[in-house]
Amino acid sequence: MRSPSDLFHPSHFQPAFRRLAHRVRLDLWFPHLPLACAVGGAGALALVPTIRHFLYEYFHLRLSELFNALHPLTAGVPEVVLSGVPNAAIGWLQIFIAIGLLLRSRLAWISALLIALAQLALAVGYTHYSWHSSTALYLVALLCALSVAGRAFQRSSLAAGTLFALAATGLLLAYGVLGSLILGQGFTPPIETFQQAVYFTVVTMSTVGYGDILPKSDDARLFVVSLIIVGLSVFVTSITAVIGPLVQGRLSRIISPERKRMKRIDHFIIAGDGALARNTARELLARDRPVLVILDEEVAAFGDAEIVIGDPTDLDVLRRAGAETARAVLALSNDDAENAFVILALRELATDAKKVAAVSNRKNLERVRRVQPDMILAPNVFGGEVLAMALTDEKIDGASLVERFLDVNAQHN
């Protein structure tokens, strides 16, 4: 008899959660869509108050000051323009990063973490917000959510990372030069020329700090703080995006030189980590067939088979494993529901690969048939049936046994 604690074991909820996840198409929008909206919301937190306050003050300027307000680099600048530069820059950057999160970009995820941390530092350290304010709590919750969902953002590209690094560095340099010219009178000595602005921006971004130009006003100090924080964020992100994949690939070749990435065409994909999955992989490898295994975490029980870490019911994971060009995909998990969802995901991909599903519980046999795999393996069910036939002296025909064992349309009564 099961104890009450056994009824609430996480394993009892996993099949139900997978069914619910497939029903609401969770793999298509979670967690990247909610996080993208949350990061965009953080950008709005920085932008909206600044824009609202600026518009209120701007439309109350005297007409004689309107021309100067429209030409901040050549004339006087209203105080409200100066105070909103750092938060506005971070806000626009977060909205841009939110687009990358929708594409599940690893680079966008790293950037979102760093920029949210910079925004939290500015909000708490240099504005009227406290740690107990709704803005600070929102940013802390966003940082926690981004940290937990890191594994969902795995798309990366060396070319895209290099392009981001160049673009981010150029934008940051433009931000520093523009801010230095706008806030020129807030420094000692004042920054009045383009050459001085470029010099001060480069020195500040590199954190060298010669000390020959110092901020003296609160707005200038806040601008320098934002330039340093965002500059360090861009630098770390750029290094991660460009150097990271190169170092990771080199280390992988050094640590595991025997496991080379195979050509993912006409190969066999196995989803699952049970005894049936391991034995099938071993037999295919013994016949010199290319085998790729999809697992939740890497294990050493599959020999020379290539490993892909992820959820086999996720369309992106199946594409990464090359399911569209595979010879066969074998759903051999001990969980019958997961095997059925793998077959359903393969049908969404419209792949020509042969689809095989394992069934361990007799009551799930008809349910798995409804997803129409090409083959069903039910060793537990079929083994009991063959044993009963042998014990009752029934005639056993080898051809019919193979047909009943593999044919999805066979009836197991």
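Listing for the model above:
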read-out	value
Restricting region 271-306 to residues that are without any contact (Cβ under 8 Å) to a residue 24 or more places away in the chain and outside any loop (DSSP other than H, G, I, E, B), the residue that is nearest to Arg151 (Cα to Cα)	Leu295
Filter pass, Leu120 being under 15 Å from Cys37 (Cβ atoms), modelled with pLDDT of 60 or more and either small (Gly, Ala, Ser) or surrounded by 15 or more Cβ atoms within 10 Å (Cβ to Cβ) (or both)	no
Region 321-335, residues that are in contact (Cβ under 8 Å) with a residue 60 or more places away in the chain and assigned to a helix (DSSP H, G or I)	Thr325
Single residue of Leu166, Leu183, Leu214 found to be modelled with pLDDT under 80, farther than 30 Å from Val317 by Cβ and of a type in the set (A, V, I, L, M)	Leu166
Identity of the residue in region 187-204, aliphatic (A, V, I, L, M) and touching a helix residue (DSSP H, G or I) at 6+ places or on another chain (Cβ under 8 Å), that ends up surrounded by the fewest Cβ atoms within 10 Å (Cβ to Cβ)	Val202
Test: residue in region 274-289 that is over 30 Å from Trp109 (Cα atoms), polar (S, T, N, Q) and modelled with pLDDT of 65 or more	yes
Filter result for Leu171 (in contact with a Phe, Trp or Tyr (Cβ under 9 Å, 6 or more places away or on another chain), crowded, with 16+ Cβ neighbours inside 10 Å and within 25 Å of Gln94 (Cβ to Cβ))	no
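The values are calculated or read from the model by the stated rules, or taken from the named source; none is laboratory data. None of the values given here were measured: they were computed from a predicted structure. Glycine also receives a Cβ, built like all others from the backbone with ideal geometry; neighbour counts cover every protein chain displayed.
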